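Working notes, structure below.
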Amino acid sequence: MDRVKTGILGCGVISSTYIKNIQELYRPLEIVACADVDTGKAEARAREFGIETWSGPDHLLENKDVSMIINLTPPKFHYELNRRILMAGKNLFCEKPFAFTWEQARELTELAEKRGVRIGGAPDTFLGPGLQRTRLLLERGAIGQPLYLNAAMMSCGVETWHPAPAQFYQEGAGPLYDMGPYYLTAVVALFGPIAEIRAMAATGFERRKIYSQPLAGVELTVETPTYYTALLKLSGGLIANLTISFDIWKSNLPMFEIYGTEGTLSAPDPNMTSGMPEVIRKEAVLADRKAAAEPLNRSFPDEEELRRLYPETAEYIRGAGALDLAMAINENRPARAGMDLVCHVLEAINGIMEAAKSGGCYYMKTTCGRPEPLREGLSAGEVR
Ligand SMILES: NC(=O)c1ccc[n+]([C@@H]2O[C@H](COP(=O)([O-])OP(=O)(O)OC[C@H]3O[C@@H](n4cnc5c(N)ncnc54)[C@H](O)[C@@H]3O)[C@@H](O)[C@H]2O)c1
């Protein structure tokens with residue numbers, strides 16, 4: 001396969017992670033151009049990473065050498081820029097959220113079909129070894145039949161580290177759009193589609209002080225709920241509790257824990273790429289209580305084997321989803337971080353907001369299959 005000539009749109013914080021990871025790990029992608037409304041930022045990124053061409057957005061869209069664009073602009077520009085990228089005839093991978101509503105995402109999916117190009121969207125962390133190992137353990141029965149799940153993303157907010165935090169608190173932003181996609185995508189990728197949603201929302205602070213540079217000391221106004229707690233019932237019957245917040249200074253809640261008939265699995269944080277799932281089998285719990293201990297079931301891999309099957313990467317990597325999209329185009333197969341998954345997760349976000357507002361139950365309209373697991377034993381830079 002020829003290297004896929006890729007352009008980066010938006011040269012802010014996350015662009016350096018994408019560019020570094022693609023250049024070091026995902027060699028089938030070749031970043032040939034980068035662009036930003038602030039061309040000074042594009043130039044700085046291009047010089048930092050040895051990218052041939054930098055420009056404003058229009059020039060990137062017109063660049064005939066570029067066949068795929070990775071959209072890393074702020075969420076409020078995604079829908080419109082994604083539409084322009086598709087109209088320009090480019091394949092597209094967009095950071096989360098792909099749009100504000102699942103209807104917008106579906107409209108763009110139809111536009112891509114008309115234009116004969118392919119699209120996909122973040123998050124892609126479920127392709128990392130942490131969640132691929134988790135899936136393998138679940139499929140080999142490590143905790144028996146999964147029954148319940150608890151996911152908690154409790155943070156004190158982006159104003160402690162991001163240089164431009166105000167955008168995260170504007171209407172149409174907030175922790176649910178920003179962090180929800182990681183946890184919801186992990187739920188759906190591991191257990192299949194969501195059927196019903198109940199939820200509550202709150203805003204802990206009307207104004208927030210910025211701690212990060214260059215705006216440290218400035219106050220920002222909060223226009224969105226910053227605490228969401230939701231109950232999800234999956235089509236397969238599993239019940240999940242999901243809490244996502246920017247209002248919590250410190251929490252000891254597990255970030256992603258799954259409870260099954262034979263034990264408990266603590267999965268790595270779905271916002272990260274790597275990490276080792278931990279399984280506590282019921283036998284260990286019973287033995288601990290001095291009850292008659294059954295022999296441990298060894299029919300699932302141990303840590304060493306898991307590392308061999310899904311090799312370790314750095315904890316925080318981005319770009320596997322864009323690589324998978326390029327491979328999917330080449331192999332004429334569905335992309336794993338494809339639009340069925342993106343639309344379903346976006347509908348779940350919209351559904352949580354609606355259920356929180358109405359106090360009622362939101363019944364999901366879209367559905368999707370689970371993306372194929374990665375093949376076992378690939379190197380860290382491969383997706384197949
Ligand atoms: N920061 C992170 O750690 C992180 C992690 C994962 C995903 N993301 C996602 O990546 C995206 C970007 O986040 P970020 O933190 O890098 O934001 P950022 O604000 O640091 O950077 C965004 C860049 O886009 C540029 N931009 C704005 N409007 C544009 C336009 N119309 N055309 C071209 N460029 C434009 C800005 O000048 C800026 O350089 C968001 O969707 C976010 O959810 C961020």
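The values are calculated or read from the model by the stated rules, or taken from the named source; none is laboratory data. Only a predicted model underlies this, so the values are computations on that prediction, with no experimental measurement involved. All Cβ positions, glycine included, derive from the backbone under ideal geometry; neighbour counts span all protein chains shown. Ligands, DNA and RNA are excluded from the accessible area calculation, which covers all protein heavy atoms including side chains. Shrake-Rupley method; radii C 1.70, N 1.55, O 1.52, S 1.80 Å.
Details
- With a requirement of 2 or more residues that are at negative phi and under 16 Å from the mean Cα position of the chain (by Cα), the strands (runs of 3 or more DSSP E) lying completely within the range 39-137 that satisfy it span 68-71, 91-94, 119-121.
- Take the conditions (1) touching a residue at least 60 places away in the same chain (Cβ under 8 Å); (2) of a type in the set (A, V, I, L, M, F, W, C); (3) loosely packed, with under 15 Cβ neighbours inside 10 Å; VAL37 misses just one of them, which is (1).
- GLY172 vs. criteria assigned to a loop (DSSP other than H, G, I, E, B) and at pLDDT 95 or above: no
- Single match in GLY180, GLY192, GLY157 (criterion: within 14 Å of the ligand (Cβ to nearest atom), under 18 Å from ASP124 (Cα atoms), of a type in the set (Gly, Ala, Ser) and open to solvent by less than 20 Å² (accessible area, probe 1.4 Å)): GLY180
- Of the criteria (1) away from the ligand (no atom under 16 Å from the Cβ); (2) open to solvent by 10 Å² or more (accessible area, probe 1.4 Å); (3) closer than 18 Å to ALA322 by Cα; (4) among the aliphatic types (A, V, I, L, M), which one LEU111 fails: (3)
- For the range 45-53, the criterion of being modelled with pLDDT of 95 or more and within 11 Å of the ligand (Cβ to nearest atom) is met by at least one residue.
- Only one of the listed residues (CYS34, CYS11) is within 16 Å of the ligand (Cβ to nearest atom) and in a loop (DSSP other than H, G, I, E, B). That residue is CYS11.
- Residue that is nearest to THR134 (Cα to Cα), among those in the range 234-261 that are open to solvent by less than 50 Å² (accessible area, probe 1.4 Å), modelled with pLDDT of 95 or more and outside any strand (DSSP E or B): LEU238
- From the list LYS20, LYS90, the lone residue that is surrounded by fewer than 18 Cβ atoms within 10 Å (Cβ to Cβ) and modelled with pLDDT of 95 or more is LYS20.
- Test result for ARG208, under 23 Å from LYS76 (Cβ atoms) and among the basic types (Lys, Arg): yes
- Pairs, first in the same structural domain as GLN167 (by TED's automatic domain parsing) in the range 208-219, second exposed (fewer than 10 other Cβ atoms within 10 Å of the Cβ) and part of a strand (DSSP E or B), C-beta under 6 Å, six or more apart: GLU219/ARG207
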